[in-house]
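K.L.:
Below: one structure in structure tokens.
The values are calculated or read from the model by the stated rules, or taken from the named source; none is laboratory data. All values derive from a computational prediction rather than experimental measurement. Note: ideal-geometry Cβ built from the backbone for every residue, glycine included; neighbour counts use all protein chains shown. All accessible areas refer to the heavy atoms of the entire protein, side chains included, with ligands and DNA or RNA removed. Shrake-Rupley method; radii C 1.70, N 1.55, O 1.52, S 1.80 Å.
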Amino acid sequence: PDFDFLLPLQHRGPSHSIGAAAIAFGVALLALEFIWPTRHRFRLAIAIGAAYLSHTLLDWLGEDTWAPAGIMALWPFSQTFYVSGLDVFNAVNRRYWEPGFWRGNTIAVIREIAILGPVTALSWYVARKRGDG
């Protein structure tokens, strides 16, 4: 979803939505049809779409200090920006010249690792036990 930084698009706009996740799933399914024509391509395309959607969910749970706040989660059905208000993840400052840039971003990264690290480790452990990883 963050490819919007590379294009003249609004960050957390349409690229952070269920519509964009559906497009990612469709593109993955189409691409896999040509490069990996096995019965597992549908499962992999679902995993790619789910990974894309998980980024959207995690951004929705994060603090947003840029206007308009939130994500355009329901695009193309709505152009409304939604804010969770939970602020599970700290905002990341991209203005490296400001005081506190390194301290604030370091704290944000440590917090993300503390939250997502155990989830990642558990997922990896379960996948290995099942023989998928």
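K.L.:
For region 83-125, how many residues meet the condition of being touching a residue at least 24 places away in the same chain (Cβ under 8 Å) and farther than 23 Å from HIS11 by Cα?
P.N.:
Qualifying residue count for the region: 1.
K.L.:
Right, another one. Take the residues in region 33-63 that are over 17 Å from the mean Cα position of the chain (by Cα) and not in a helix (DSSP H, G or I); name whichever of them is surrounded by the fewest Cβ atoms within 10 Å (Cβ to Cβ).
P.N.:
ARG39
K.L.:
Among the numbered criteria (1) in a loop (DSSP other than H, G, I, E, B); (2) surrounded by fewer than 14 Cβ atoms within 10 Å (Cβ to Cβ); (3) of a type in the set (S, T, N, Q), which one does THR120 miss?
P.N.:
THR120 satisfies all of (1) in a loop (DSSP other than H, G, I, E, B); (2) surrounded by fewer than 14 Cβ atoms within 10 Å (Cβ to Cβ); (3) of a type in the set (S, T, N, Q) except (1).
K.L.:
Can you tell me how many residues in region 76-90 are closer than 23 Å to ILE23 by Cβ and either among the β-branched types (Val, Ile, Thr) or open to solvent by 70 Å² or more (accessible area, probe 1.4 Å) (or both)?
P.N.:
Looking only at that region, the number is 5.
K.L.:
Take region 92-109 and flag every residue that is open to solvent by less than 100 Å² (accessible area, probe 1.4 Å), under 19 Å from ASP59 (Cβ atoms) and in a loop (DSSP other than H, G, I, E, B).
P.N.:
VAL92, ASN93, ARG95
K.L.:
Follow-up. Among the numbered conditions (1) of a type outside the set (Ser, Thr, Tyr); (2) assigned to a helix (DSSP H, G or I); (3) open to solvent by less than 90 Å² (accessible area, probe 1.4 Å), tell me where LEU30 comes up short.
P.N.:
So LEU30 meets the others, but not (3).
K.L.:
Determine if region 48-71 includes at least one residue that is free of Cβ contacts under 8 Å to residues at least 24 places away in the same chain and of a type in the set (Phe, Trp, Tyr).
P.N.:
Within region 48-71 (the criterion being free of Cβ contacts under 8 Å to residues at least 24 places away in the same chain and of a type in the set (Phe, Trp, Tyr)), the answer is no, since none of the residues qualifies.
K.L.:
Would it be correct to say that SER17 is surrounded by 12 or more Cβ atoms within 10 Å (Cβ to Cβ) and in contact (Cβ under 8 Å) with a residue 40 or more places away in the chain?
P.N.:
Taking the combined requirement at face value, the residue satisfies it.
K.L.:
Regarding region 24-41, can at least one residue be identified that is closer than 24 Å to VAL119 by Cα and at pLDDT 95 or above?
P.N.:
Yes, region 24-41 contains at least one residue that is closer than 24 Å to VAL119 by Cα and at pLDDT 95 or above.
K.L.:
Restricting attention to region 64-75, which residues are open to solvent by less than 50 Å² (accessible area, probe 1.4 Å) and within 25 Å of ILE107 (Cα to Cα)?
P.N.:
Within region 64-75, ASP64, ALA69, GLY70, ILE71 meet the criteria.
K.L.:
Looking only at residues in region 1-14 that are more than 13 Å from the chain's Cα centre (by Cα) and assigned to a loop (DSSP other than H, G, I, E, B), which one is surrounded by the most Cβ atoms within 10 Å (Cβ to Cβ)?
P.N.:
GLN10
K.L.:
Okay, moving on. May I ask you to list the residues in region 93-124 that are among the aromatic types (Phe, Trp, Tyr) and more than 19 Å from ALA51 (Cβ to Cβ)?
P.N.:
TYR96, TRP97, PHE101, TRP102, listed by residue number.
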